[in-house]
Amino acid sequence: MTRTLLVGVYFLICSFALGQTKASKQFDMFYVAVGSSTYARSTSPRLHGFGELPEAAKSARAIAALLQQGGAHFGITLVGKEKYVCLADIEGAIGEVHAALVKSKAPRPIILIYFAGHGISEGIAWNQFSVPGTLLLDDTYDRMDAAELGKHTLYAGALVDELESFKVPFVVVLDTCYQGNERSFDSAVLSKTASKNLGAVAAALRVMNEFRDTYPVLFSTSPGSVVSTVEDPLKPDSELSVAPLARRMMILFSQALKQHSSITLRGFMSATTSTDLDSVTAPAVTRTAAREDWDEILFHPGEGGTAEERTGTASRGDLCCGNHVAAH
(Lines give C-alpha, C1' and ligand atoms only; values in the text may rest on other atoms or scores of the structure.)
Protein backbone atom coordinates (compact mmCIF):
# COMPACT_ATOMS: atom_id res chain seq x y z
CA MET A 1 0.00 0.00 0.00
CA THR A 2 1.38 3.35 -0.95
CA ARG A 3 1.93 5.89 1.83
CA THR A 4 1.95 8.90 -0.46
CA LEU A 5 -0.73 11.21 -1.78
CA LEU A 6 -0.77 13.15 -4.99
CA VAL A 7 0.31 16.11 -2.92
CA GLY A 8 -0.12 18.91 -5.41
CA VAL A 9 -3.50 17.78 -6.66
CA TYR A 10 -4.59 16.93 -3.10
CA PHE A 11 -4.03 20.50 -1.93
CA LEU A 12 -5.68 21.86 -5.07
CA ILE A 13 -8.84 19.81 -4.48
CA CYS A 14 -8.90 20.62 -0.76
CA SER A 15 -8.40 24.29 -1.50
CA PHE A 16 -11.32 24.24 -3.90
CA ALA A 17 -13.57 22.53 -1.34
CA LEU A 18 -12.45 24.81 1.46
CA GLY A 19 -12.84 27.86 -0.70
CA GLN A 20 -16.59 27.41 -1.12
CA THR A 21 -17.45 29.44 1.99
CA LYS A 22 -19.50 32.37 0.70
CA ALA A 23 -22.76 30.80 1.80
CA SER A 24 -25.26 33.06 3.50
CA LYS A 25 -26.44 30.25 5.76
CA GLN A 26 -24.84 27.55 7.85
CA PHE A 27 -26.25 24.13 8.62
CA ASP A 28 -26.64 23.01 12.24
CA MET A 29 -25.08 19.55 12.26
CA PHE A 30 -26.56 16.51 14.03
CA TYR A 31 -25.07 13.08 13.39
CA VAL A 32 -25.03 9.36 14.07
CA ALA A 33 -21.72 7.57 13.43
CA VAL A 34 -21.93 3.77 13.51
CA GLY A 35 -18.92 1.46 13.54
CA SER A 36 -20.16 -2.14 13.44
CA SER A 37 -16.91 -3.82 14.39
CA THR A 38 -17.81 -7.01 16.26
CA TYR A 39 -19.93 -9.68 14.59
CA ALA A 40 -21.76 -12.73 15.87
CA ARG A 41 -19.95 -15.96 15.15
CA SER A 42 -21.64 -18.93 13.62
CA THR A 43 -21.57 -22.17 15.60
CA SER A 44 -22.87 -24.17 12.65
CA PRO A 45 -21.43 -24.85 9.19
CA ARG A 46 -24.91 -24.13 7.81
CA LEU A 47 -24.78 -20.51 8.87
CA HIS A 48 -22.88 -17.63 7.31
CA GLY A 49 -21.45 -14.96 9.58
CA PHE A 50 -19.27 -11.91 9.05
CA GLY A 51 -15.68 -11.25 10.10
CA GLU A 52 -14.56 -8.89 12.83
CA LEU A 53 -13.93 -5.35 11.58
CA PRO A 54 -12.20 -3.20 14.24
CA GLU A 55 -11.47 -0.61 11.54
CA ALA A 56 -15.19 0.22 11.51
CA ALA A 57 -15.18 1.44 15.10
CA LYS A 58 -12.02 3.45 14.50
CA SER A 59 -13.57 5.06 11.41
CA ALA A 60 -16.81 6.00 13.18
CA ARG A 61 -14.92 7.51 16.11
CA ALA A 62 -12.65 9.48 13.79
CA ILE A 63 -15.58 10.94 11.83
CA ALA A 64 -17.46 11.81 15.02
CA ALA A 65 -14.42 13.56 16.52
CA LEU A 66 -13.94 15.64 13.39
CA LEU A 67 -17.62 16.58 13.19
CA GLN A 68 -17.44 17.77 16.80
CA GLN A 69 -14.45 19.93 15.90
CA GLY A 70 -16.50 21.18 12.98
CA GLY A 71 -19.16 22.59 15.28
CA ALA A 72 -21.72 19.76 15.39
CA HIS A 73 -24.58 20.46 17.79
CA PHE A 74 -25.20 16.87 18.92
CA GLY A 75 -24.09 13.41 17.90
CA ILE A 76 -24.08 9.76 18.91
CA THR A 77 -21.27 7.36 18.09
CA LEU A 78 -22.27 3.71 18.22
CA VAL A 79 -19.66 0.93 18.13
CA GLY A 80 -19.41 -2.77 18.75
CA LYS A 81 -17.40 -3.97 21.74
CA GLU A 82 -18.19 -6.90 24.03
CA LYS A 83 -21.69 -6.87 22.56
CA TYR A 84 -22.88 -6.35 19.02
CA VAL A 85 -24.47 -3.33 17.42
CA CYS A 86 -27.97 -4.41 16.45
CA LEU A 87 -30.55 -2.75 14.23
CA ALA A 88 -32.51 -1.53 17.27
CA ASP A 89 -29.39 0.25 18.56
CA ILE A 90 -29.01 2.11 15.26
CA GLU A 91 -32.68 2.99 14.98
CA GLY A 92 -32.70 4.16 18.59
CA ALA A 93 -29.69 6.43 18.03
CA ILE A 94 -31.26 7.98 14.93
CA GLY A 95 -34.51 8.55 16.83
CA GLU A 96 -32.69 10.23 19.72
CA VAL A 97 -30.69 12.49 17.43
CA HIS A 98 -33.87 13.51 15.62
CA ALA A 99 -35.56 14.24 18.95
CA ALA A 100 -32.59 16.38 19.99
CA LEU A 101 -32.77 18.20 16.67
CA VAL A 102 -36.45 19.01 17.17
CA LYS A 103 -35.91 20.07 20.79
CA SER A 104 -33.00 22.34 19.86
CA LYS A 105 -35.12 24.37 17.43
CA ALA A 106 -31.94 24.88 15.41
CA PRO A 107 -32.70 27.22 12.49
CA ARG A 108 -31.01 25.10 9.80
CA PRO A 109 -30.57 21.48 10.94
CA ILE A 110 -28.97 18.74 8.90
CA ILE A 111 -28.50 15.07 9.85
CA LEU A 112 -25.44 13.10 8.80
CA ILE A 113 -25.60 9.31 9.10
CA TYR A 114 -22.27 7.50 8.80
CA PHE A 115 -22.06 3.70 8.80
CA ALA A 116 -18.86 1.63 8.65
CA GLY A 117 -19.12 -2.15 8.60
CA HIS A 118 -20.03 -4.93 6.22
CA GLY A 119 -22.47 -4.33 3.37
CA ILE A 120 -24.37 -6.69 1.06
CA SER A 121 -26.96 -6.70 -1.74
CA GLU A 122 -29.38 -9.12 -3.37
CA GLY A 123 -28.22 -8.71 -6.96
CA ILE A 124 -31.58 -7.90 -8.59
CA ALA A 125 -32.59 -4.35 -7.69
CA TRP A 126 -29.24 -3.68 -5.97
CA ASN A 127 -30.90 -2.86 -2.65
CA GLN A 128 -28.07 -2.05 -0.25
CA PHE A 129 -28.03 -3.53 3.26
CA SER A 130 -25.55 -2.33 5.88
CA VAL A 131 -24.90 -5.26 8.21
CA PRO A 132 -25.27 -4.87 11.98
CA GLY A 133 -23.14 -7.04 14.23
CA THR A 134 -25.92 -9.52 14.91
CA LEU A 135 -26.61 -10.84 11.41
CA LEU A 136 -26.23 -14.56 10.67
CA LEU A 137 -27.51 -16.01 7.40
CA ASP A 138 -28.96 -19.44 6.66
CA ASP A 139 -28.24 -19.04 2.94
CA THR A 140 -26.13 -16.83 0.72
CA TYR A 141 -27.40 -13.25 0.82
CA ASP A 142 -27.75 -12.92 -2.95
CA ARG A 143 -30.37 -15.69 -2.93
CA MET A 144 -32.40 -14.24 -0.09
CA ASP A 145 -35.60 -12.29 -0.11
CA ALA A 146 -34.85 -8.58 -0.04
CA ALA A 147 -37.81 -7.81 2.20
CA GLU A 148 -36.56 -10.26 4.81
CA LEU A 149 -33.00 -8.95 4.64
CA GLY A 150 -34.39 -5.46 5.17
CA LYS A 151 -35.89 -6.54 8.50
CA HIS A 152 -32.51 -7.64 9.86
CA THR A 153 -30.21 -4.96 8.44
CA LEU A 154 -29.95 -1.21 7.95
CA TYR A 155 -31.66 -1.09 4.57
CA ALA A 156 -30.61 2.02 2.65
CA GLY A 157 -34.06 2.57 1.14
CA ALA A 158 -35.81 2.49 4.50
CA LEU A 159 -33.17 4.74 6.04
CA VAL A 160 -33.63 7.36 3.32
CA ASP A 161 -37.42 7.16 3.65
CA GLU A 162 -37.13 7.79 7.40
CA LEU A 163 -34.77 10.73 6.94
CA GLU A 164 -37.04 12.26 4.32
CA SER A 165 -39.93 12.04 6.78
CA PHE A 166 -37.99 14.33 9.14
CA LYS A 167 -38.32 17.14 6.58
CA VAL A 168 -34.74 18.35 7.06
CA PRO A 169 -31.64 18.04 4.85
CA PHE A 170 -29.46 14.96 5.36
CA VAL A 171 -26.30 13.22 4.22
CA VAL A 172 -25.90 9.43 4.28
CA VAL A 173 -22.42 7.91 4.03
CA LEU A 174 -22.42 4.11 3.71
CA ASP A 175 -18.77 3.16 4.11
CA THR A 176 -19.21 -0.53 3.33
CA CYS A 177 -18.92 -3.15 0.65
CA TYR A 178 -21.84 -3.48 -1.76
CA GLN A 179 -21.30 -7.19 -2.15
CA GLY A 180 -23.56 -9.34 -4.30
CA ASN A 181 -23.79 -11.35 -7.50
CA GLU A 182 -25.88 -9.89 -10.28
CA ARG A 183 -28.92 -12.04 -11.02
CA SER A 184 -29.98 -12.93 -14.54
CA PHE A 185 -33.55 -13.34 -15.74
CA ASP A 186 -32.63 -15.71 -18.55
CA SER A 187 -34.62 -18.88 -17.98
CA ALA A 188 -35.63 -22.06 -19.76
CA VAL A 189 -39.07 -21.68 -18.16
CA LEU A 190 -39.75 -18.00 -18.88
CA SER A 191 -40.38 -16.65 -22.35
CA LYS A 192 -38.00 -14.07 -23.79
CA THR A 193 -40.69 -11.43 -23.36
CA ALA A 194 -41.22 -12.32 -19.71
CA SER A 195 -37.47 -12.26 -19.05
CA LYS A 196 -37.19 -8.90 -20.79
CA ASN A 197 -40.06 -7.46 -18.76
CA LEU A 198 -38.55 -8.66 -15.49
CA GLY A 199 -35.24 -7.13 -16.51
CA ALA A 200 -36.96 -3.80 -17.18
CA VAL A 201 -38.59 -3.85 -13.75
CA ALA A 202 -35.24 -4.61 -12.12
CA ALA A 203 -33.61 -1.74 -14.04
CA ALA A 204 -36.27 0.68 -12.79
CA LEU A 205 -35.74 -0.50 -9.21
CA ARG A 206 -32.00 -0.07 -9.57
CA VAL A 207 -32.50 3.56 -10.54
CA MET A 208 -34.60 4.05 -7.40
CA ASN A 209 -31.75 2.62 -5.34
CA GLU A 210 -29.38 5.24 -6.73
CA PHE A 211 -31.28 7.94 -4.76
CA ARG A 212 -31.01 10.51 -7.51
CA ASP A 213 -33.74 12.80 -6.16
CA THR A 214 -32.96 12.76 -2.44
CA TYR A 215 -30.38 14.54 -0.36
CA PRO A 216 -26.89 13.01 -0.76
CA VAL A 217 -26.40 9.26 -0.35
CA LEU A 218 -22.78 8.19 -0.81
CA PHE A 219 -21.48 4.64 -1.19
CA SER A 220 -17.90 3.40 -0.90
CA THR A 221 -18.23 1.36 -4.06
CA SER A 222 -20.53 0.35 -6.91
CA PRO A 223 -23.20 -2.38 -6.64
CA GLY A 224 -21.81 -5.91 -6.74
CA SER A 225 -18.31 -4.97 -5.56
CA VAL A 226 -16.22 -4.91 -2.42
CA VAL A 227 -13.78 -2.45 -0.87
CA SER A 228 -10.89 -2.79 1.54
CA THR A 229 -9.84 -0.70 4.49
CA VAL A 230 -6.99 1.71 3.84
CA GLU A 231 -4.19 3.54 5.58
CA ASP A 232 -5.10 6.13 8.22
CA PRO A 233 -4.23 9.49 6.57
CA LEU A 234 -3.61 11.22 9.90
CA LYS A 235 -1.55 8.42 11.48
CA PRO A 236 0.14 6.58 8.59
CA ASP A 237 2.08 4.31 10.95
CA SER A 238 -1.01 3.13 12.79
CA GLU A 239 -1.54 -0.64 12.76
CA LEU A 240 -5.28 -0.17 12.39
CA SER A 241 -6.55 1.15 9.06
CA VAL A 242 -9.80 2.98 8.27
CA ALA A 243 -12.72 2.63 5.88
CA PRO A 244 -12.23 4.33 2.48
CA LEU A 245 -14.76 7.16 2.77
CA ALA A 246 -13.64 7.79 6.34
CA ARG A 247 -10.17 8.40 4.93
CA ARG A 248 -11.51 10.90 2.40
CA MET A 249 -13.53 12.74 5.02
CA MET A 250 -10.56 12.75 7.41
CA ILE A 251 -8.35 14.33 4.74
CA LEU A 252 -10.92 17.00 3.93
CA PHE A 253 -12.00 17.87 7.47
CA SER A 254 -8.51 17.87 8.94
CA GLN A 255 -7.34 20.28 6.24
CA ALA A 256 -10.27 22.58 7.04
CA LEU A 257 -9.29 22.56 10.70
CA LYS A 258 -5.68 23.41 9.85
CA GLN A 259 -6.74 26.31 7.66
CA HIS A 260 -9.69 27.27 9.88
CA SER A 261 -11.83 27.18 6.77
CA SER A 262 -15.44 26.23 6.20
CA ILE A 263 -16.74 23.54 3.85
CA THR A 264 -20.06 23.84 2.08
CA LEU A 265 -22.14 20.80 1.25
CA ARG A 266 -21.21 21.36 -2.39
CA GLY A 267 -17.52 21.43 -1.47
CA PHE A 268 -17.93 18.23 0.56
CA MET A 269 -19.60 16.46 -2.35
CA SER A 270 -17.01 17.73 -4.81
CA ALA A 271 -14.10 16.53 -2.69
CA THR A 272 -15.47 13.13 -1.70
CA THR A 273 -16.36 12.30 -5.31
CA SER A 274 -13.16 13.70 -6.83
CA THR A 275 -10.87 11.37 -8.76
CA ASP A 276 -7.90 13.50 -7.67
CA LEU A 277 -8.40 13.98 -3.94
CA ASP A 278 -6.64 10.81 -2.85
CA SER A 279 -4.49 8.26 -4.67
CA VAL A 280 -5.32 5.50 -2.17
CA THR A 281 -9.13 5.47 -2.43
CA ALA A 282 -11.69 5.61 -5.21
CA PRO A 283 -14.24 8.43 -5.30
CA ALA A 284 -17.49 8.04 -3.41
CA VAL A 285 -20.26 6.64 -5.60
CA THR A 286 -23.41 8.76 -5.80
CA ARG A 287 -26.03 9.77 -8.34
CA THR A 288 -27.64 12.44 -6.16
CA ALA A 289 -28.37 15.66 -8.02
CA ALA A 290 -27.23 18.99 -6.57
CA ARG A 291 -29.69 21.31 -4.83
CA GLU A 292 -29.63 25.04 -4.15
CA ASP A 293 -28.84 24.58 -0.46
CA TRP A 294 -25.62 22.73 -1.29
CA ASP A 295 -23.97 26.16 -1.07
CA GLU A 296 -24.69 26.33 2.65
CA ILE A 297 -21.89 25.61 5.13
CA LEU A 298 -21.70 22.01 6.33
CA PHE A 299 -18.48 22.12 8.37
CA HIS A 300 -17.02 25.09 10.20
CA PRO A 301 -14.21 24.82 12.77
CA GLY A 302 -15.53 25.58 16.23
CA GLU A 303 -16.59 24.08 19.51
CA GLY A 304 -19.18 21.36 19.15
CA GLY A 305 -22.08 20.56 21.42
CA THR A 306 -22.92 17.33 23.22
CA ALA A 307 -21.43 14.07 21.97
CA GLU A 308 -22.11 10.57 23.25
CA GLU A 309 -20.43 7.25 22.56
CA ARG A 310 -22.37 4.04 23.08
CA THR A 311 -21.67 0.37 22.57
CA GLY A 312 -23.93 -2.25 21.08
CA THR A 313 -26.43 -3.98 23.34
CA ALA A 314 -26.96 -7.34 21.62
CA SER A 315 -25.37 -10.50 22.97
CA ARG A 316 -26.83 -12.98 20.48
CA GLY A 317 -26.83 -13.39 16.74
CA ASP A 318 -29.96 -12.75 14.69
CA LEU A 319 -30.63 -15.48 12.14
CA CYS A 320 -31.97 -14.38 8.79
CA CYS A 321 -34.07 -15.52 7.31
CA GLY A 322 -35.23 -18.23 9.70
CA ASN A 323 -37.61 -17.95 12.61
CA HIS A 324 -35.32 -18.31 15.58
CA VAL A 325 -32.38 -16.62 17.25
CA ALA A 326 -28.98 -18.29 17.01
CA ALA A 327 -26.73 -18.30 20.05
CA HIS A 328 -23.26 -16.75 19.94
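The values are calculated or read from the model by the stated rules, or taken from the named source; none is laboratory data. Model, not experiment: these values are computed from the prediction. Here the Cβ is made from the backbone with ideal geometry for all residues, glycine too, and neighbour counts use every protein chain on show.
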Looking at region 243-262, can you tell me whether even one residue there is touching a Lys or Arg at 6+ places or on another chain (Cβ under 9 Å), under 20 Å from residue 117 (Cβ atoms), surrounded by 13 or more Cβ atoms within 10 Å (Cβ to Cβ) and at pLDDT 95 or above? yes
If we scan region 66-76, do we find a residue that is part of a loop (DSSP other than H, G, I, E, B) and within 9 Å of residue 37 (Cβ to Cβ)? no
Scanning region 113-153 for residues that are among the acidic types (Asp, Glu) and surrounded by fewer than 21 Cβ atoms within 10 Å (Cβ to Cβ), the one modelled with the highest pLDDT turns out to be 148
With respect to residue 254, determine if the residue is out of contact with any Phe, Trp or Tyr (no Cβ under 9 Å at 6 or more places or on another chain) and outside any loop (DSSP other than H, G, I, E, B). yes
So which residues in region 98-141 are assigned to a loop (DSSP other than H, G, I, E, B) and closer than 21 Å to residue 70 by Cα? 105, 106, 107, 108
Do we find that residue 57 is of a type in the set (Gly, Ala, Ser), in contact with a Gly (Cβ under 7 Å, 6 or more places away or on another chain), part of a helix (DSSP H, G or I) and farther than 20 Å from residue 269 by Cα in this structure? yes
Criterion first (under 15 Å from residue 84 (Cα atoms) and at pLDDT 95 or above) does residue 42 satisfy it? no
Any chance region 263-281 includes a residue that's in a strand (DSSP E or B), under 25 Å from residue 133 (Cβ atoms) and not acidic (Asp, Glu)? no
Qualifying residue in region 279-302 (condition: buried (at least 20 other Cβ atoms within 10 Å of the Cβ) and out of contact with any strand residue (DSSP E or B) (no Cβ under 7 Å at 6 or more places or on another chain)): no
Of the residues in region 154-211, those that are under 14 Å from residue 288 (Cβ atoms), modelled with pLDDT under 80 and touching a helix residue (DSSP H, G or I) at 6+ places or on another chain (Cβ under 7 Å) come to 209
